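As structure tokens, the structure follows; a few thoughts come after it.
The values are calculated or read from the model by the stated rules, or taken from the named source; none is laboratory data. Computed from a prediction, not measured in an experiment: that's the story for all the values here. Here the Cβ positions follow ideal geometry from the backbone for every residue, glycine too, while neighbour counts run over all protein chains shown.
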Amino acid sequence: MFIDQLKNDLHQSQPLFIGEETAFKAAVLVPLVQVNEEWHILFEVRSLIMRKQPGDISFPGGKLDGSETAQEAALRETHEELGIPPESVEILGQLSPYIASPSFVVYPYVGIIDEQKVKHSFNQEEVEETFTVPLSWLSQYEPYLHHVSVQPTPAEDFPYEKIMNGEKYRWGSRSIEEWFYDYENYTIWGLTARILKHFVTVAKRNS
């Protein structure tokens with residue numbers, strides 16, 4: 001009975017990765033807009049009065065609230081930040097999630113919005129300004145890469161006595177890839193650049 005039940009459970013839908021159920025979950029929208037009959041991606045510059053990451057460039061998005069789905073969160077945040085109601089967004093599909101760590105995951109969606117509406121409706125408490133970048137330019141641009149080395153630092157109460165070599169245990173560092181896009185006077189980097197790079201790769205396959 002145990003094996004049969006286990007086999008059945010393993011054939012059911014599983015979390016995307018170990019830790020997803022308890023991870024901090026966020027969702028973003030990659031907004032496509034038409035400017036002069038050409039497809040662009042719209043970006044936000046976060047308000048300079050924001051407590052976290054003021055002035056950074058981002059997609060509309062944020063934390064999932066309660067029991068809402070990732071898509072619902074992306075649409076809600078787009079409404080709150082850009083003033084575009086969910087029914088005015090045409091969702092084209094979902095990109096692969098970005099797993100920053102087992103405790104943080106971002107679910108990106110791609111959708112079409114009306115750029116003209118954004119100009120007059122964005123929330124100035126959260127958004128300093130918006131701008132667009134032609135998809136044709138992004139398809140030709142080669143982003144540049146820098147690495148950031150991250151070294152684990154255990155807390156003072158870490159139980160070294162439980163592990164081999166104790167305080168002499170050699171923690172492995174890891175390297176984080178940071179991609180950069182320079183467009184006019186804007187620099188897109190961080191999580192936004194990682195999602196953007198993935199989206200551009202997908203878009204180029206279909207161009």
Check your understanding: Among (1) without any contact (Cβ under 8 Å) to a residue 60 or more places away in the chain; (2) more than 27 Å from Glu80 (Cα to Cα); (3) surrounded by 10 or more Cβ atoms within 10 Å (Cβ to Cβ), where does Arg170 come up short?
Key -> (3)
**Study point:** Residue satisfying all of: in region 23-54; at pLDDT below 90 and surrounded by fewer than 10 Cβ atoms within 10 Å (Cβ to Cβ); nearest to Thr187 (Cα to Cα) among these
**Key:** Leu48
Study note, to complete from the structure: Note on Val133: of the conditions (1) more than 24 Å from Thr187 (Cβ to Cβ); (2) within 19 Å of the chain's Cα centre (by Cα), unmet is (1)
Practice item. For region 138-146, state whether one or more residues are in contact (Cβ under 8 Å) with a residue 40 or more places away in the chain and under 25 Å from Arg51 (Cβ atoms). Key: no
Exercise for review: Please enumerate the residues belonging to region 126-156 that are touching a helix residue (DSSP H, G or I) at 6+ places or on another chain (Cβ under 9 Å) and either of a type in the set (Ser, Thr, Tyr) or exposed (fewer than 10 other Cβ atoms within 10 Å of the Cβ) (or both).
Suggested key: Thr130, Thr132, Ser139, Tyr141
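Output the residue which, of all residues in region 37-75 that are part of a strand (DSSP E or B) and farther than 13 Å from Thr132 by Cα, is farthest from the chain's Cα centre (by Cα).
Residue satisfying both the conditions and the ranking: Arg46.
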Exercise for review: Just give me the residues in region 102-119 being more than 20 Å from Thr201 (Cβ to Cβ) and either touching a residue at least 12 places away in the same chain (Cβ under 8 Å) or touching a Leu at 6+ places or on another chain (Cβ under 7 Å) (or both), in sequence order.
Suggested key: Pro102, Ser103, Phe104, Ile113, Asp114, Glu115, Lys117, Val118
Study note, to complete from the structure: Pro159 meets each of (1) over 21 Å from the mean Cα position of the chain (by Cα); (2) at pLDDT below 95; (3) surrounded by fewer than 10 Cβ atoms within 10 Å (Cβ to Cβ) with one exception, condition (2)
Revision key, fill the gap. Okay, helices (runs of 4 or more DSSP H) sitting entirely in region 95-207 with 1 or more residues that are closer than 26 Å to Glu20 by Cα and in contact with a strand residue (DSSP E or B) (Cβ under 9 Å, 6 or more places away or on another chain), I get 190-205
Check your understanding: Would you say Phe180 is out of contact with any Leu (no Cβ under 7 Å at 6 or more places or on another chain), surrounded by 10 or more Cβ atoms within 10 Å (Cβ to Cβ), among the hydrophobic types (A, V, I, L, M, F, W, C) and at pLDDT 95 or above?
Key -> yes
Practice item. Would you be able to say whether some residue in region 32-53 is over 17 Å from Val118 (Cα atoms), touching an Asp or Glu at 6+ places or on another chain (Cβ under 7 Å) and of a type in the set (Gly, Ala, Ser)? Key: no
